[in-house]
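Below: the structure, in structure tokens.
The values are calculated or read from the model by the stated rules, or taken from the named source; none is laboratory data. The shown structure was predicted, so the numbers you read here are calculated from the model rather than taken from an experiment. All Cβ positions, even for glycine, are placed from backbone atoms using ideal geometry, and neighbour counts span all protein chains on display. These accessible areas exclude ligands, DNA and RNA; they are computed on the full protein's heavy atoms, side chains included. Shrake-Rupley method; radii C 1.70, N 1.55, O 1.52, S 1.80 Å.
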Amino acid sequence: PPSPAIKHEVHLGEHIALVGYDLPQSQLSTSEPMVIRFYWHCSGPVPTSYTVFTHLLGPGDEMYGQHDSIPQGRARPTTSWLAGDTIVDEYRIDVAPDAPPGDYELAVGMYDWATGDRLPAFDATGRQLPENRTLIKDVTMVERESK
């Protein structure tokens, strides 16, 4: 199966795990979108179609970018996943033009679009994560280059 550059184990619900991600660029500017590729692993049937949320959080936990979608741009809903599948899922997150320079993190998880309920999220040790999301750190916003 495909393998992520950065290992990051988070379990969502009963049969979904985020096993890692690729972050082509950890330094961002407001002039270009953030790109991230997630690697999901399925261990059993998923009867609900879940939506992935990505929230780019900056200073003061303010949100400066967001992209929510059914995996693979709506092409691979979680209801189509089979045990043993690894799903590679890329997101492009537009950065708000007023995003200040500094350290950022990306909050990631899944929710049921019909109810808004998030899937319970657990770290590799089985500890439930606050707000049922994982945080990807080491993202830095730099000053936009002037032309």
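So if I check each of Ser26, Ser43, Ser69, which one is of a type in the set (S, T, N, Q) and at pLDDT below 95?
So the residue among Ser26, Ser43, Ser69 that is of a type in the set (S, T, N, Q) and at pLDDT below 95 is Ser26.
Is it the case, given these coordinates, that Ser49 is open to solvent by less than 70 Å² (accessible area, probe 1.4 Å), free of Cβ contacts under 8 Å to residues at least 60 places away in the same chain and among the polar types (S, T, N, Q)?
Criteria not met by Ser49.
Between Gly73, Gly109, Gly60, which is more than 19 Å from Val142 (Cβ to Cβ), out of contact with any helix residue (DSSP H, G or I) (no Cβ under 9 Å at 6 or more places or on another chain) and not hydroxyl-bearing (Ser, Thr, Tyr)?
None of the others qualify; the one that does is Gly73.
Checking Arg127 against (1) surrounded by 13 or more Cβ atoms within 10 Å (Cβ to Cβ); (2) closer than 15 Å to Ala17 by Cβ, which test does it fail?
(1)
For (1) assigned to a strand (DSSP E or B); (2) closer than 16 Å to His11 by Cβ; (3) in contact with a Gly (Cβ under 7 Å, 6 or more places away or on another chain), each residue gets a yes or a no:
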{"residue": "Glu105", "(1), (2), (3)": "yes, no, no"}
{"residue": "Met110", "(1), (2), (3)": "yes, yes, no"}
{"residue": "Phe122", "(1), (2), (3)": "yes, yes, no"}
{"residue": "Glu131", "(1), (2), (3)": "no, yes, no"}
{"residue": "Asp138", "(1), (2), (3)": "yes, no, no"}
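Tell me, which residue of segment 74-93 that is within 14 Å of the chain's Cα centre (by Cα) and open to solvent by 50 Å² or more (accessible area, probe 1.4 Å) is farthest from Pro47 (Cα to Cα)?
This residue is Arg92.
Criterion first (of a type in the set (Lys, Arg) and part of a loop (DSSP other than H, G, I, E, B)) does Arg76 satisfy it?
yes
Residues of segment 39-72 being assigned to a loop (DSSP other than H, G, I, E, B), within 15 Å of the chain's Cα centre (by Cα) and closer than 22 Å to Ile6 by Cβ, which ones?
Pro71, Gln72
If you go through segment 97-123, how many residues are under 14 Å from the mean Cα position of the chain (by Cα) and open to solvent by 60 Å² or more (accessible area, probe 1.4 Å)?
Result for segment 97-123: 1.
Restricting attention to segment 32-46, which residues are open to solvent by 20 Å² or more (accessible area, probe 1.4 Å) and either in contact with a Pro (Cβ under 7 Å, 6 or more places away or on another chain) or not hydroxyl-bearing (Ser, Thr, Tyr) (or both)?
Glu32, Pro33, Val35, Arg37, His41, Pro45
What residue, among those in segment 16-31 that are farther than 21 Å from Ser80 by Cβ and among the aliphatic types (A, V, I, L, M), is most open to solvent (accessible area, probe 1.4 Å)?
Leu23
For segment 54-64, state whether one or more residues are in contact (Cβ under 8 Å) with a residue 60 or more places away in the chain, farther than 21 Å from Met34 by Cβ and either hydrophobic (A, V, I, L, M, F, W, C) or open to solvent by less than 60 Å² (accessible area, probe 1.4 Å) (or both).
no
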